[in-house]
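Quick notes on the structure that follows.
Quick note: the coordinates plus some simple rules give every number you see, no bench work behind them. Just so it is clear, the structure is predicted and the values come from calculations on it, not from any experiment.
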Amino acid sequence: MSDATRTRIGALDIVATVSVVFALVFAIASPRIESQGEAARLLFVHVPTIWLAYLAFAVTFVASILYLATRRLRWDHVAGASAEIGVVFTTVAIIGGMVWGKATWNVYWTWDARLTLTAIMLFVYIGYLALRRVIAEPEARARRSAVLGIVGLVQLIPVHFSVTWWRTLHQTNTFRPRDIQMDGPILAALLVSVAAFTVVYAALLRHRVRLEGLELAAYAAAAAPVGPVAGDAVSAPNIGNSGAQP
Amino acid sequence: MSDRFWQQAFAVARRDLDRERRAGEVTWVMIPFGAIALLLVPLAIGINQDVLSRIGTGMLFVVVLLFGVLTAVRRTSIETPEQRDLIALLGIDPAAEFTGKTMASAFLLLVFQIAMGAVALVLYGLDISGWAWMIVVMPLTAVGLAELGTVSASVAASTNAGPALVPLLVTPLAIPLLLAATQTVESVDREGGNLTWPVLMAVVVLVLAIVGVATARPLQETR
């Protein structure tokens, strides 16, 4: 393994690990919510993961615009990496929500507007990742996926406002600055958890962007002319130009 | 936008509509296929007139969405890289090309919606009291779907997976349009009409138009 491809553990990774431990301690130590039992502790995973999904797709949107404006492939790497992480965290948010739903609503899935639209949002970005996989040439892939990264934001609007537009089973948005209905210790644990997940996102993004750079280097190396091949040493016979006519 | 821009846009739209007039895919393939889909639903869920009249508007827009995707898919399969290069070499403004293609697709989708609306009215016995809103909803749905289809077809053009990829790209992105279209009609029953949903559709259509025009040039460069 060369030095360039070796995984380096940076300060951000250490901060991410420590903050996850902190978040876990806060989540376990937070008071029990009597109405929902222990299942309510899923709050400390469910809310941060869906927050990260929003953040990741918003970063994809901004990085896509920056790529089209600057044409620097670094922004395309950020957009692609962020979308990948967003897809993972959206999946975790949906699965966590289903487990929580089973505990509170007694069903894994219900045709709730927030649930359904979040699942559809997942498919938008699965499509985005599928597009990235079918185009090998880095510049073409970057430009086309940047367009989709921008259009994808259209889907975030109904997902976010779904709990307001429809009377759904899902509760309204957790963070409403003027109307926080949560006990202090639970709110503190939730905020620590959101902060920890955000640091984890930043650490994952850093590694994934580095990997994208390595993939680009590998593509460039594969596309570059190869070294000497059999037959290179053989040169065409010099017939000369003596002026003799056949 | 200059006269030249609109001349180019109309020329592209005319080309696409001429192509459709010759092939007749919307008239002879998509409309009968959509009608069959609307006919199959009652057979699948049971023939209960109350249920059918309640779900009819939603089914209409689901069929419009799913079959509208075919318009975009068709474009990825019939336009060759050479044709796209020729358009670029002719000096046609990419934004005008996007506008022209969108206009042609929107017109075809509007025709498709009107035909499907008539079929749904007959088959599902829909209450047409709230259908005055359709004058607003149908054109907005057609333009929004056409914009999404045109952008997605350009994004997936010249890739081996193009025809398979476009439905995956268009269908989830069209959900805001589908929701707003059905909710507009349903809101008439509930509260006598609500402007929120048509406004949401108009915003989505406007955002897609801005994105389509702004990204047309970078997409042309990737050919």
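Its Cα gyration tensor gives the protein assembly as shown an equivalent ellipsoid, and the semi-axes of that ellipsoid, as √(5λ) in whole Å with the largest first, are 42, 38, 18. For segment A:20-159, relative contact order (Cα pairs under 8 Å, six or more residues apart, normalised by length) works out to 28 percent. Looking at the square roots a ≥ b ≥ c of the eigenvalues of the Cα gyration tensor of segment A:68-124, which shape do they give, rounded for a/c under 1.5, prolate if a/b is larger than b/c, or oblate? Prolate shape, in that a/c is at least 1.5 and a/b is the bigger ratio.
Based on DSSP H segments of at least four residues, each scored -39500 (n - 2.57), chain B has a per-residue ellipticity at 222 nm of -28500 deg cm²/dmol. For segment B:100-182, a/c is not less than 1.5, where a ≥ b ≥ c are the root eigenvalues of the C-alpha gyration tensor, and a/b tops b/c. That puts it in the prolate class.
Taking all Cα-Cα distances within segment A:20-84, those exceeding 20 Å account for 49%. Screening chain B for whole DSSP H helices of 18 Å or more along their axis (Cα) with average Kyte-Doolittle hydropathy at least 0.0 returns B:31-45, B:49-78, B:94-124, B:134-156, B:175-191, B:196-221. What percent of all Cα-Cα pairs in segment B:30-158 falls in each 10 Å bin, counting up from 0? Bin by bin from 0 Å, the calculated values are 12, 38, 27, 15, 7, 1. Put the Cα centre of segment B:133-173 next to the Cα centre of segment B:93-124 and the gap is 11 Å.
Relative contact order of segment B:44-145: what whole-number percent is it, with Cα pairs under 8 angstrom and at least 6 residues apart? Relative contact order, segment B:44-145: 50 percent. Computed on the Cα atoms alone, the convex hull of chain B gives a volume of 118 cubic angstrom per residue.
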